[in-house]
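Notes to accompany the following structure.
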């Protein structure tokens, strides 16, 4: 279970972060401290909410991010954990898409017999599909409520290709 904590803040982003925090099932507010307990499943389903909360509250005094009651306080440690989760989230999306590509022909082919469909759409696979649909629905809800905030996650120091592309994009926008 991941845990994100942040104090009540005078930041201009506090209202937005507070509004996003309420979207999580296990959000509490006690003694001017917001605490969000997030399972991996919920984190992936509500990635856009989490991403924005994390980066907007990262440098606030008293904010922590951690796993299994181990709180990380430094920006470096928190961002390392974030980037690990981001990589896992990306892989989860790719695996989900690959899975859907494999089973879509089986589902949409009208001539296949029903027992084959039953074997393909077992409870475990249907649960995976529902997770993906819930995640997509949360993305749509997020965009409807908050719009496209044009927010980009800061690049890691070792992401030379990303930094090169960002420089090229900046040069094109200046022209």
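The values are calculated or read from the model by the stated rules, or taken from the named source; none is laboratory data. The structure displayed is predicted, hence computed values, not measured ones. So basically every Cβ, Gly included, is an ideal-geometry build from the backbone, and we count neighbours across all protein chains shown.
Which of the residues that make up the stretch 25-42 are surrounded by fewer than 20 Cβ atoms within 10 Å (Cβ to Cβ) and farther than 14 Å from residue 64 by Cβ?
The answer is 25, 26, 27, 28, 29, 30, 31, 32, 39, 40, 41.
Only one of 144, 161, 97 is part of a helix (DSSP H, G or I), exposed (fewer than 10 other Cβ atoms within 10 Å of the Cβ), on the phi < 0 side of the Ramachandran plot and at pLDDT 80 or above. Can you tell me which?
Answer to the check: 144.
Report those helices (runs of 4 or more DSSP H) wholly inside the stretch 1-71 carrying at least 3 residues which are closer than 25 Å to residue 132 by Cβ, under 13 Å from the mean Cα position of the chain (by Cα) and at pLDDT 90 or above.
Output list reads 40-45, 47-57.
What pairs can you find where one residue is in the stretch 46-71 and over 16 Å from residue 15 (Cα atoms), the other is assigned to a loop (DSSP other than H, G, I, E, B), and their Cβ atoms are less than 6 Å apart, with a gap of 6+ or different chains?
Listed pairs, sorted by first residue: 64/73.
Tell me which of these residue 21 doesn't satisfy, since it passes every other one: (1) surrounded by 18 or more Cβ atoms within 10 Å (Cβ to Cβ); (2) in contact (Cβ under 8 Å) with a residue 40 or more places away in the chain.
So the condition that residue 21 fails would be (2).
Kindly list, by first and then second residue, each pair from a residue in the stretch 80-100 that is without any contact (Cβ under 8 Å) to a residue 12 or more places away in the chain to a residue that is crowded, with 16+ Cβ neighbours inside 10 Å and not in a helix (DSSP H, G or I), limited to pairs with Cβ atoms under 9 Å and residues at least 6 apart or on different chains.
Final answer for the pair search is 80/72.
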